[in-house]
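The values are calculated or read from the model by the stated rules, or taken from the named source; none is laboratory data. Just so it is clear, the structure is predicted and the values come from calculations on it, not from any experiment. We place every Cβ from the backbone using ideal geometry, glycine too, and count neighbours over all the protein chains shown.
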Amino acid sequence: MAARGLQDDNEDWFPLALLMDWARTRPKGGARRTGPEWVQRFLRAITGA
């Protein structure tokens, strides 16, 4: 808990010790994309296109 004071208040904080429990509650089977598809999505997002 002491690590919370080491960052700005506007940053999200997540205890890494709880990461595996959190991951078990997330939906499985996300979209599979190729590397070029990820790059295209990223570039579209940062350029606003």
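Can you pull out the residues in segment 29-43 that are in a loop (DSSP other than H, G, I, E, B) and surrounded by 10 or more Cβ atoms within 10 Å (Cβ to Cβ)? Result: Arg33, single match. Residue count for segment 1-21, restricted to those that are under 24 Å from Arg41 (Cβ atoms) and modelled with pLDDT of 80 or more: 0.
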